[in-house]
Amino acid sequence: MQESTKNKLTIFSRLWAVSMILFIVFCIVGVIATMNESKDLIGIATLGACAMFLVQVAHVVTSVIVKRGWCIAGSVFGIAVSVFVSLCSVVALAAGQYRPPVNANGPVEETELVAGDSVTFSFAGSDVTSDIVAMVPEKNVRHAVLEWLDESLGGTFDGDKEDMGAVVGHYGNLYVDKLNSISSQGVPDYAELSYYARMDKIYETDKVVTYGLTIDIDMGGAHPLSKEMGATFSKADGKRLTWDMVSKDGTTGVKNVVKEMLKDYFNAKTDDELMKCVQGVKNASSIPLPKTPPYMTEEGFVLIYQQYEIAAYAAGMPGDTIPYKTMKPYLTEEVRKLTEK
């Protein structure tokens, strides 16, 4: 080999660090370009990295030809570093290219959570108090939830139901007026005239969302009155689940489930014992279903009777959570699918 050629190859072999650094630079540029979806820059970075890797291979071959040990070691080291950087780039791209699922409303969380804001009304006078707190959904089932809330609070609001401040304010002021009217007529000293209502999201899957509503009213009577209810909404169309969830052939089965639930609640071993605990019912086979439709929770469907609905005030609100597997045979196919996680 001519001396001039050998000198040129020796100089080339010593430049292994330059090609290694350029390879790393192209890899970094490629990762950044990919994350920013810059197609032109991705192409340039890819070609540049490939070219520098080939140059590094040429460094190894040249170092072997000129028999420069330290150049051989350096060139091999450069290739090893380049391979390591390539693997790191792949990992970075795998992480950087992840995107959460999207829908028509834009990016959302994986669990498709229904977000919401808290709307409140609060009044504290010398004799009466009125408080309402409602967690209002921002989208998806918003309209259906607002209709249910208005209906549950009395159904007397005739304005724009999308204006939740107005809805909550209407019922807050309504009970301020009612309680003030009662107060003006005189009430026992032990009475604390008050109205309290709170709505919260209590359960959610990728298919449904459930809101719970608690209402407590003290109107100066022998005892305050309470209501506990909930409603489950399909995220697909906002439809509220009612007793229509029971199939045509499932009514008898659900009534039997309810009867057994009441036996457990009252600790009644027989139908006769149960009949001593309930009111307004001729026999155990004619026990009506709760007026409040079942609603979904983590453990199953909640079935609940309101105060005085089927028993004396002292009995509270008879009810329990019925596991999904117990209710499923009596549900429509549509609702069965909603219970599947």
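The values are calculated or read from the model by the stated rules, or taken from the named source; none is laboratory data. Source: prediction; values computed, not measured. Because the Cβ atoms are built from the backbone with ideal geometry, glycine has one as well, and the counts that use them run over all protein chains shown. Quick note on the areas: whole protein, heavy atoms, side chains included, nothing else; ligands and nucleic acids left out. Shrake-Rupley method; radii C 1.70, N 1.55, O 1.52, S 1.80 Å.
For the reader, a short list of remarks on this structure follows.
- Residues of segment 235-277 satisfying the condition of being in a helix (DSSP H, G or I), more than 17 Å from residue 336 (Cβ to Cβ) and of a type in the set (Ser, Thr, Tyr): 252, 265
- Annotation: of all residues in segment 137-196 being at pLDDT 90 or above and hydroxyl-bearing (Ser, Thr, Tyr), the one that is nearest to residue 232 (Cα to Cα) is 152.
- Residue in segment 303-334 that is nearest to residue 151 (Cα to Cα), counting only those that are hydrophobic (A, V, I, L, M, F, W, C) and open to solvent by 20 Å² or more (accessible area, probe 1.4 Å): 317
- Cβ-Cβ under 8 Å pairs, at least 6 apart or on other chains, segment 153-164 side touching a residue at least 12 places away in the same chain (Cβ under 8 Å), far side open to solvent by 70 Å² or more (accessible area, probe 1.4 Å) and among the charged types (D, E, K, R): 161/147
- Screening residue 94 on (1) modelled with pLDDT of 90 or more; (2) open to solvent by less than 90 Å² (accessible area, probe 1.4 Å); (3) of a type outside the set (Asp, Glu) shows it passes everything except condition (1).
- Pairs linking a residue in segment 253-271 that is open to solvent by less than 50 Å² (accessible area, probe 1.4 Å) to a residue that is among the acidic types (Asp, Glu), with Cβ atoms under 9 Å and 6 or more positions apart or on different chains, are 259/271; 261/320; 262/320; 263/271; 263/273; 266/273.
- Test result for residue 300, farther than 16 Å from residue 233 by Cα, touching a strand residue (DSSP E or B) at 6+ places or on another chain (Cβ under 8 Å) and of a type outside the set (Val, Ile, Thr): no
- Test for residue 192: is it farther than 20 Å from residue 123 by Cα and open to solvent by 50 Å² or more (accessible area, probe 1.4 Å): no
- Some residue of segment 195-206 being assigned to a loop (DSSP other than H, G, I, E, B) and either among the β-branched types (Val, Ile, Thr) or within 13 Å of residue 121 (Cα to Cα) (or both): yes
- Per the listing 337, 291, the residue uniquely open to solvent by 50 Å² or more (accessible area, probe 1.4 Å) and not in a helix (DSSP H, G or I) is 291.
- Residue check for residue 312: more than 29 Å from residue 134 (Cα to Cα), modelled with pLDDT under 95 and aliphatic (A, V, I, L, M): yes
- Qualifying residue in segment 227-241 (condition: under 30 Å from residue 275 (Cα atoms), open to solvent by less than 70 Å² (accessible area, probe 1.4 Å), of a type in the set (S, T, N, Q) and at pLDDT 95 or above): no
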